[in-house]
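Coordinate-derived values only; no laboratory data. From a predicted model like this one, the values you see are computed outputs, not experimental measurements. Here the Cβ positions follow ideal geometry from the backbone for every residue, glycine too, while neighbour counts run over all protein chains shown.
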């Protein structure tokens with residue numbers, strides 16, 4: 001028997017050298033060396049969490065278990081900052097195309 005497809009919202013972001021993944025509806029997290037690996041590891045963690053919730057007889061207590069609001073607020077602020085940065089960079093690049101530029105590279109040598 002094929003299981004029902006469940007759609008969950010997840011956030012993946014780079015943290016130093018690794019990528020972290022967080023499921024917003026279940027507050028389950030994982031990580032990986034690439035975004036794809038983090039997503040696959042998160043899927044495995046979610047399946048393990050749901051299996052445990054069923055096996056323990058506490059499914060109603062454990063599902064859903066949303067991420068705390070303060071964590072959501074932090075992600076929202078980071079996303080807003082990233083969006084503002086991208087918009088500022090876009091404007092700067094548009095301005096760059098409007099005026100002539102001379103770029104000079106000055107090599108630096110260590111003694």
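Could you tell me the distance between the Cα centroids of region 38-64 and region 65-90, to the nearest Å?
Going from one Cα centre to the other spans 26 Å.
Would you calculate the separation in nanometres between label points at residue 65 and residue 25, each defined as 7 Å from the Cα along the Cα-to-beta-carbon direction?
In this crude spin-label approximation the distance works out to 1.6 nm.
By how many nm would the segment from residue 48 to residue 7 grow when fully extended, if each residue of separation counts as 0.36 nm and the alpha-carbon distance is taken off?
Contour length minus Cα-Cα distance gives 13.1 nm.
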